[in-house]
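Note sheet for the following structure.
Quick note: the coordinates plus some simple rules give every number you see, no bench work behind them. Model, not experiment: these values are computed from the prediction. Backbone-built Cβ (ideal geometry, glycine too); neighbour counts: all protein chains shown.
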Amino acid sequence: MAFAQTALLVVAGMMGTLDAGASSPAQPPAPATTVEAEPPRPYPTLVTEQTRADKAAVAALEKPGELLLSDGFETAEALNRYFEVQGAKEGLAAIVTDIAATGKGSLRLTAKNKGGASSGASAHLWFGARPKAGRADGYERIYMRHLTRFAEDYDQGNLNHTGGSLSAVAGDNKWSGMGGAGLRPVGDDHLSSRVEPWKDWGRLQPPGYLFCYVYWMDMKLDKDGHYWGNMLGPAVAERLVPLRGKWYCVEQMIKLNTFTGGRPNADGELAVWIDGVLYQHYTGFRWRSSEAVRLKRASLMVYIHKAERDNTVWYDDLAISTGYIGPGKVGALDPMTDRPPAATAPPASTPASP
Ligand SMILES: [Ca+2]
């Protein structure tokens with residue numbers, strides 16, 4: 001809000017100068033303190049090439065961690081662990097068995113044709129609560145992996161928000177930060193990043209290339225005066241347009257910034273892997289101004305701004321970890337069954353446990 005007011009003051013000052021005309025005395029310049037009230041806002045840097053060239057950096061980035069959960073979407077009960085499922089009653093968010101990457105089931109999300117109105121379906125997961133007493137809730141660094149498949153006829157038109165996202169929030173309100181489209185987080189509230197596709201106004205085949213749609217305290221203002229999510233993608237030559245009807249493994253990592261003497265350092269990171277290959281890596285994020293803002297939520301969604309047809313996407317093998325996961329089966333839990341490894345799994349004839 002402070003930035004918006006400052007910008008308005010500067011614009012008003014410029015207009016006054018222009019209106020004054022060449023022969024009139026110049027308007028006094030805006031006080032310097034007005035402009036300097038907004039501290040520098042560091043912006044992240046794309047460093048994928050440098051990281052790839054540095055074995056130690058890759059090893060650090062791809063170091064395994066503690067698996068927090070995995071979900072193979074094998075039974076209808078799988079949806080119960082999501083605190084918010086938009087579209088479940090209408091069958092727009094459902095566990096289905098006709099299409100799956102692994103095992104028998106997957107999560108199918110459909111944005112119905114609404115004659116040009118917005119449409120969506122989603123599932124939201126909260127992993128903020130820590131199981132061990134005495135540990136703070138939420139996490140400083142999280143890797144979110146999921147398999148995704150766009151329908152053969154998927155075409156969002158222009159705008160969509162379809163993909164998997166990570167959010168950091170302060171406090172334990174699971175819905176915190178939702179509904180903040182067009183608004184810049186102030187730093188002690190929330191941040192988010194979603195890996196989603198963009199058709200570049202029809203220049204690319206649907207669904208378009210994958211990039212991160214990011215909200216955080218140092219994001220840039222859009223030309224239209226709103227803080228829409230900033231687009232942080234790979235180098236232009238490395239943009240990947242997923243083939244529709246094919247499964248892809250997408251993994252996203254957010255590492256929050258540290259603090260020195262209570263002041264936020266610009267040392268946060270954002271990385272994405274596609275099918276186990278590093279796709280993009282950004283460093284230099286000042287994600288948050290408060291240490292209370294920690295990673296606690298993951299979401300899978302389809303959202304079409306102007307839905308003129310049904311658009312469907314499938315998700316499978318979601319995993320959340322404090323370290324790199326990679327494609328394939330996860331260690332502690334089998335995404336095929338959502339149970340511990342085979343040695344402790346019940347015989348095939350035993351009915352599924354709840
Ligand atoms: Ca599955």
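Projecting label points 7 angstrom from Cα along Cα→Cβ for Val96 and Thr260 puts them 5.2 nm apart.
Under the combined filter of DSSP loop state and at most 12 neighbouring Cβ atoms within 10 Å, the stretch 183-284 retains these trypsin sites (Lys or Arg not before Pro): Arg203, Lys220, Lys223, Lys246. Sorted fewest first by neighbouring Cβ atoms within 10 angstrom, His305, His146, His124 come out as His305, His124, His146.
Listing Met219, Met144 from fewest to most neighbouring C-beta atoms within 10 Å gives Met219, Met144. Each residue in Cys212, Cys249 was given a count of other beta-carbon atoms within 10 angstrom of its own, and listing them fewest first yields Cys249, Cys212. For a 25 Å ceiling on Cα separation, which of these pairs sit above it: Lys246/Lys296; Lys114/Lys199; Lys89/Lys255; Lys174/Lys255; Lys174/Lys329? Among Lys246/Lys296; Lys114/Lys199; Lys89/Lys255; Lys174/Lys255; Lys174/Lys329, the Cα-Cα distance tops 25 Å for Lys246/Lys296; Lys89/Lys255; Lys174/Lys329. Placing a label point 7 Å from the Cα of Asp310 along the Cα-to-Cβ direction, the residues of the stretch 73-105 whose backbone N falls under 19 Å of that point are 86-100.
With 0.36 nm allotted per residue and the present C-alpha distance subtracted, the Asp172-Lys223 stretch has 15.0 nm of extension available.
Computed from the Cα positions only, the extents of the stretch 180-330 along the three principal axes stand at 50, 42, 28 Å, in decreasing order. The alpha carbon centroids of the stretch 139-169 and the stretch 173-241 are separated by 11 Å.
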